[in-house]
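Working notes, structure below.
The values are calculated or read from the model by the stated rules, or taken from the named source; none is laboratory data. This structure is a prediction, so every number in the text was calculated from the model and none was measured. A quick note on method: Cβ atoms are made from the backbone with ideal geometry, for glycine too, and the neighbour counts reach across all protein chains shown. Note: areas computed on protein heavy atoms with side chains; ligands, DNA, RNA excluded. Shrake-Rupley method; radii C 1.70, N 1.55, O 1.52, S 1.80 Å.
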Amino acid sequence: MTATTLPASNTVQILGACPHDCPDTCSLLTTVQNGVAIKVQGNPAHPHTAGSLCTKVSRYTERTYHPERILQPLKRVGPKGSGQFEPVSWHAALSDIAARLGAIAAREPQAILPYSYAGTMGLVQGESIAARFFNQLGASQLERTICAAAGGEGLVQTLGAKVGMRVEFFAESKLILIWGSNSVTSNLHFWRYANQARRDGAKLICIDPRRSETAEKCHKHIALLPGTDGALALALMHELIQHDWLDHDYLDRYTLGWDALMARALQWPPERAAAVCGITPEQIRALARDYGACAASHAPAAIRMNYGLQRVHGGGNAVRLIASLPALIGAWRTRAGGVLLSSSGAFPVQRAALQRPDLLAGRTPRSINMATIGNALLRTSSPEFGPAVEALVVYNSNPVAIAPESAKVVQGFAREDLFTVVLEHFQTDTADYADYVLPATTQLEHWDVHSAYGHTDALLNRPAIAPLGDAKPNTQIFRELAARMGLTEPCLSDSDEALCRQAYGDAVDFEALLAQGFATLPTPDAPFAQGNFPTPSGKCEFFSARLAAQGLDGLPDHVPNHEVAHSTSAYPLAMISPPARNFLNSSFVNVTSLQASEGEPLLEIHPTDAAARGIADGDTVRVFNDRGSYHCRARISDRARVGVVNGLGVWWRKLGLKGTNVNQLTSQHLTDLGRGPTFYDCLVQVSRSE
């Protein structure tokens with residue numbers, strides 16, 4: 001049933017899918033009574049969700065019915081950034097937007113830029129009609145790199161695609177390395193499998209600069225410095241080689257470039273890596289013994305990476321090195337061995353059918369990296385850059401809060417000559433700088449279809465309730481805008497249900513999606529037991545000819561941070577900015593119950609570093625570097641290791657103590673592979689705020 005067919009007096013449950021940027025991609029059941037959603041819960045019939053949700057999404061009705069929800073189009077009447085708007089009709093808003101975008105497109109369509117990411121992970125409300133619209137215009141393309149670009153490229157260059165173990169088989173592993181992931185708060189359903197393995201005798205080891213909620217529940221925690229994961233992986237290889245904890249048959253049959261990688265790894269004894277990582281040689285040797293013992297006993301060893309570790313200069317190479325480890329010990333031979341960072345490459349998404357790049361009709365518009373939007377908005381026209389950005393259409397994102405070096409982002413958004421349209425649920429930091437804010441529907445109010453990056457089930461989302469107020473799905477907004485601009489391409493009128501069917505075509509049984517809300521992809525239990533990697537060679541590629549052809553090192557290596565720890569006395573502390581437990585990027589920040597649980601913006605600092613600065617727990621502190629400053633409360637805690645502070649994010653700037661957030665400090669430097677951002681490659685100083 002859908003919202004349009006619900007009997008007014010009935011209580012029904014509607015199948016849906018969580019839209020947020022999380023590997024779990026849960027199947028939802030929304031209870032609707034008299035047309036009102038009264039409860040959102042996990043679908044017990046979906047094996048991965050198993051009836052449970054995180055705290056954030058279990059409060060989804062609070063978000064949908066939030067009293068500050070934007071439910072009508074708004075037009076700016078005050079200075080940019082002031083948040084001063086007046087309500088207008090859809091007719092007036094779309095007519096003006098169409099006229100202004102049309103005038104720019106007639107002169108130079110590349111002066112128009114879309115900006116979107118994973119405010120919804122839905123394939124339909126993300127890049128379907130929106131992508132068709134911008135392709136038809138010939139607008140600038142956006143490099144969507146803000147989260148996972150370096151790690152994704154590292155997987156592609158090593159394993160051939162964003163693929164790995166099936167998550168449910170972690171329950172059978174005997175050693176699990178949780179590397180750069182706070183699974184308890186950001187991958188809850190994987191944690192269930194890890195706990196099952198622990199109950200059955202597995203050892204769990206967490207590798208993370210922060211003593212996270214996950215680290216404190218594991219048998220061991222290795223608190224390395226940010227950006228040194230590649231050095232640790234090389235030292236593990238060194239020890240595996242030295243002690244012959246190797247599967248020589250697997251290496252001979254199913255890998256490419258082993259001799260060269262072995263030579264490189266032998267340059268990284270534990271003492272060298274320990275000095276780089278800020279840990280002890282014995283910690284490295286003990287980790288290698290645990291991993292190597294699995295080779296000797298044929299016990300399954302599994303690695304669960306997450307994307308935090310790749311948000312540094314050498315993030316792509318670090319993922320390449322970690323993803324190479326299972327091949328050294330033949331861990332891929334069993335279904336409970338290997339590595340998982342992302343499963344998204346397993347999904348047969350028909351992106352060309354959804355996004356219609358053919359509408360470009362031979363045009364090749366430039367691409368602008370979303371991670372450097374601060375610089376891009378401040379650039380003038382030039383032969384190198386092309387036209388200055390004159391119009392920005394933001395949907396499924398909050399760049400003023402989440403993009404790095406936010407002082408420059410704010411400066412760019414504040415340009416009076418920049419025409420900005422924002423599709424939103426709330427008056428976010430970005431919406432404050434819009435010329436028009438258009439009310440978008442939430443997941444409970446529209447159709448969508450989803451892939452996942454933490455399991456291998458496709459999911460369908462049905463609308464549970466009618467759109468609130470004058471809110472419209474992203475797709476409908478772009479349909480109507482296209483019509484106002486005289487764009488007559490028939491595919492711009494495709495319905496949401498038609499788009500849901502196009503997303504997978506015949507590759508996924510849409511009737512199964514309709515019937516149960518999910519469909520499991522047919523994937524092998526142990527996909528690489530006999531090689532068959534989706535690389536050009538069919539092998540695990542330690543050496544990538546594709547990278548070498550680009551003039552890059554074909555072998556993975558440790559690539560130091562742009563801002564190496566202890567490299568400057570002015571900024572002696574490394575800072576990472578992991579998500580606060582009750583937020584997801586900048587989503588949920590304004591949900592009253594979750595904001596109350598989180599309290600206020602915090603900086604975790606080790607007692608030694610706090611004492612050296614005369615900082616007491618609860619003090620207001622100034623965190624600063626050459627890019628700016630950020631004020632927040634200090635929490636003295638051993639969750640932070642010596643020399644590293646944890647700026648929990650991402651709070652909206654307007655909710656910060658002095659109108660900034662942690663991204664005031666992060667840089668627009670990019671990663672080694674994938675051109676991703678380097679949020680966790682950041683040096684700062686901290687002082688008490690007077």
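State all residues of the range 522-551 that are touching a helix residue (DSSP H, G or I) at 6+ places or on another chain (Cβ under 9 Å), hydrophobic (A, V, I, L, M, F, W, C) and surrounded by fewer than 19 Cβ atoms within 10 Å (Cβ to Cβ); if no residue qualifies, say none. Spell out how you get there, then give the answer.
Of the range 522-551, the ones touching a helix residue (DSSP H, G or I) at 6+ places or on another chain (Cβ under 9 Å) are 523, 525-544, 546-547.
Now restrict to residues that are hydrophobic (A, V, I, L, M, F, W, C): 526, 528-529, 533, 540, 542-543, 547.
Ala526, Ala529 - these are the residues of the range 522-551 that are touching a helix residue (DSSP H, G or I) at 6+ places or on another chain (Cβ under 9 Å), hydrophobic (A, V, I, L, M, F, W, C) and surrounded by fewer than 19 Cβ atoms within 10 Å (Cβ to Cβ).
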Query raised in the report: Where residues in the range 47-85 are free of Cβ contacts under 8 Å to residues at least 60 places away in the same chain and closer than 24 Å to Gly659 by Cβ, which of them is most open to solvent (accessible area, probe 1.4 Å)?
Result: Pro67
Query raised in the report: Looking at this structure, is Asp417 under 27 Å from Gly83 (Cβ atoms), among the charged types (D, E, K, R) and in contact with a strand residue (DSSP E or B) (Cβ under 8 Å, 6 or more places away or on another chain)?
Result: no
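Mind telling me which of the residues Phe134, Phe169 ends up being part of a helix (DSSP H, G or I) and buried (at least 24 other Cβ atoms within 10 Å of the Cβ)? Steps first, answer last, please.
Values: Phe169 fails: buried (at least 24 other Cβ atoms within 10 Å of the Cβ).
Unique residue meeting the criteria: Phe134.
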Requested in this report: List the number of the failed condition for Glu511; all other conditions in (1) more than 27 Å from the chain's Cα centre (by Cα); (2) at negative phi; (3) in contact (Cβ under 8 Å) with a residue 24 or more places away in the chain hold.
Outcome: (3)
Report summary line: Pairing a residue in the range 620-649 that is charged (D, E, K, R) with any residue that is assigned to a strand (DSSP E or B) and open to solvent by 10 Å² or more (accessible area, probe 1.4 Å), where Cβ atoms lie under 8 Å and the two sit 6 or more apart in sequence or on different chains, gives Arg622/Ser629; Arg622/His631; Arg622/Ser687; Arg622/Arg688; Arg633/Leu602; Arg633/Thr620; Arg635/Leu602
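Considering only the range 33-109, give the helices (runs of 4 or more DSSP H) lying wholly within it that have at least 2 residues that are polar (S, T, N, Q). Give the steps one after another, and end with the answer.
On the way: elements: 55-58, 60-64, 90-107.
Ranges flagged: 55-58, 60-64.
Go over the candidates Leu573, Leu602 one by one and state the one that is hydrophobic (A, V, I, L, M, F, W, C), farther than 21 Å from Asp672 by Cβ, touching a residue at least 60 places away in the same chain (Cβ under 8 Å) and crowded, with 18+ Cβ neighbours inside 10 Å. Full working, then the answer.
Values: Leu602 fails: touching a residue at least 60 places away in the same chain (Cβ under 8 Å).
The unique qualifying residue is Leu573.
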Report task. Might you let me know whether the range 260-271 holds any residue that is closer than 30 Å to Val645 by Cβ, open to solvent by 60 Å² or more (accessible area, probe 1.4 Å) and of a type outside the set (Gly, Ala, Ser)? Result -> yes
Query raised in the report: Give me the pairs: first residue in the range 359-375 and within 16 Å of Cys147 (Cα to Cα), second residue open to solvent by 20 Å² or more (accessible area, probe 1.4 Å) and among the acidic types (Asp, Glu), beta-carbon distance under 6 Å, and six or more apart or on different chains, which are they?
Result: Asn369/Glu143
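For the structure I just gave you, tell me whether Thr120 is polar (S, T, N, Q), open to solvent by 10 Å² or more (accessible area, probe 1.4 Å) and under 30 Å from Arg501 (Cβ atoms).
Values: polar (S, T, N, Q): yes; open to solvent by 10 Å² or more (accessible area, probe 1.4 Å): yes; under 30 Å from Arg501 (Cβ atoms): yes.
Criteria met by Thr120.
Let's see how each residue does on (1) assigned to a strand (DSSP E or B); (2) at positive phi; (3) among the aliphatic types (A, V, I, L, M):
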| site | (1), (2), (3) |
| --- | --- |
| Met165 | no, no, yes |
| Ile176 | yes, no, yes |
| Ala194 | no, no, yes |
| Gly201 | no, yes, no |
| Glu216 | no, no, no |
| Leu224 | no, no, yes |
| His238 | no, no, no |
| Trp245 | no, no, no |
Query raised in the report: Failed condition for Leu287, given (1) buried (at least 24 other Cβ atoms within 10 Å of the Cβ); (2) not in a loop (DSSP other than H, G, I, E, B), with all others met?
Result: (1)
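Please go through the range 554-578 and pick out each residue that is in contact with a helix residue (DSSP H, G or I) (Cβ under 7 Å, 6 or more places away or on another chain) and of a type outside the set (Val, Ile, Thr). Steps first, answer last, please.
The first filter runs over the range 554-578 and keeps only residues in contact with a helix residue (DSSP H, G or I) (Cβ under 7 Å, 6 or more places away or on another chain), leaving 554-559, 573, 577-578.
Gly554, Leu555, Pro556, Asp557, His558, Leu573, Ser577, Pro578 - these are the residues of the range 554-578 that are in contact with a helix residue (DSSP H, G or I) (Cβ under 7 Å, 6 or more places away or on another chain) and of a type outside the set (Val, Ile, Thr).
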Query raised in the report: How many residues are touching a residue at least 12 places away in the same chain (Cβ under 8 Å) and either of a type in the set (Asp, Glu) or not in a loop (DSSP other than H, G, I, E, B) (or both) if we restrict to the range 533-552?
Result: 4
Query raised in the report: For the range 86-99, what are the residues that are of a type in the set (Gly, Ala, Ser) and either within 29 Å of the chain's Cα centre (by Cα) or buried (at least 17 other Cβ atoms within 10 Å of the Cβ) (or both)?
Result: Ala93, Ala98
**Report entry** Residue count, the range 609-640 (criterion: of a type in the set (Asp, Glu) and farther than 25 Å from Glu216 by Cα)
**Finding:** 2
